[in-house]
1. Restricting the search to segment 176-189, which residues are closer than 24 Å to Ser103 by Cβ, outside any helix (DSSP H, G or I) and open to solvent by 60 Å² or more (accessible area, probe 1.4 Å)?
2. Out of everything in segment 101-139 that is among the polar types (S, T, N, Q) and either open to solvent by less than 80 Å² (accessible area, probe 1.4 Å) or at pLDDT 80 or above (or both), what residue ends up being nearest to Met188 (Cα to Cα)?
3. Does Tyr192 count as under 17 Å from Arg94 (Cβ atoms) and open to solvent by 20 Å² or more (accessible area, probe 1.4 Å)?
4. I'm trying to understand the selection: among the residues of segment 140-169, which are open to solvent by less than 50 Å² (accessible area, probe 1.4 Å) and without any contact (Cβ under 8 Å) to a residue 40 or more places away in the chain?
5. Which pairs do you get when a residue that is among the acidic types (Asp, Glu), found in segment 89-103, comes within reach of a residue that is open to solvent by less than 10 Å² (accessible area, probe 1.4 Å) and assigned to a helix (DSSP H, G or I), reach meaning Cβ atoms under 9 angstrom, with the pair 6+ apart or on two chains?
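The values are calculated or read from the model by the stated rules, or taken from the named source; none is laboratory data. Computed from a predicted structure; not experimentally measured. So basically every Cβ, Gly included, is an ideal-geometry build from the backbone, and we count neighbours across all protein chains shown. Just the protein is used for accessible areas: all its heavy atoms, side chains included, with ligands, DNA and RNA removed. Shrake-Rupley method; radii C 1.70, N 1.55, O 1.52, S 1.80 Å.
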Amino acid sequence: MARRAQELSSTTDAALGKVGAWDKSVRSHVDALSVATSDVARKSQEINEVLDERTKSVRAASNEATALLASLSERTEQTDLEEFTRQATFISERLQSLAVDISRVLETQVSEEDWRRFNKGEKGIFVRKLLGFREKAKLQQVRQTYQEDGTFRDYVTRYLEAFEKLLDEASKRDPNSMLHATFLSSDMGKVYMVLARALDRDM
């Protein structure tokens, strides 16, 4: 019994020693895991901070790019408008000049007062004179002169082409056709319609 008790005591001591070693090993692993977890958490926090900083930088760059694009778009629209205005002014001057030539060929009554007003800057006076050719007999005169007089034909063709170019440019910048209607309702537009009607030309 004494021997058996001694053996049991030895076995128990050995078992307790193994349990103690196991416990120590487990604690060591737990400590290592805790350290590793803390390290991962710290690195994860650092990564999140870096990502947040980069996200802010990207957002700022995106906002700056958006603002730049908006500014460029605004400048482009302004440039387009300025270019259209310049073209429209140039074409209007050509139309008024051609109206003088057309009036001269048609031998409309042009008084010295008309010339005086024209030379003082009233450039549309001859355009308005041509509006008197809306009557049927005068439309026939325009048609006959167009057929017989090459110079007149050249003036009228250039007038029609210049005004149609003005309408095309207006249509590009105004999908609602408000500019188109405005130009057609102007005196120059009415002359265009008179000439087109006299020549049976589609408008």
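1. none
2. Ser103
3. no
4. If the condition is that a residue be open to solvent by less than 50 Å² (accessible area, probe 1.4 Å) and without any contact (Cβ under 8 Å) to a residue 40 or more places away in the chain, then Gly150, Thr157, Glu164, Leu167 are the ones that fit.
5. Asp101/Phe126; Asp101/Phe152; Asp101/Tyr159
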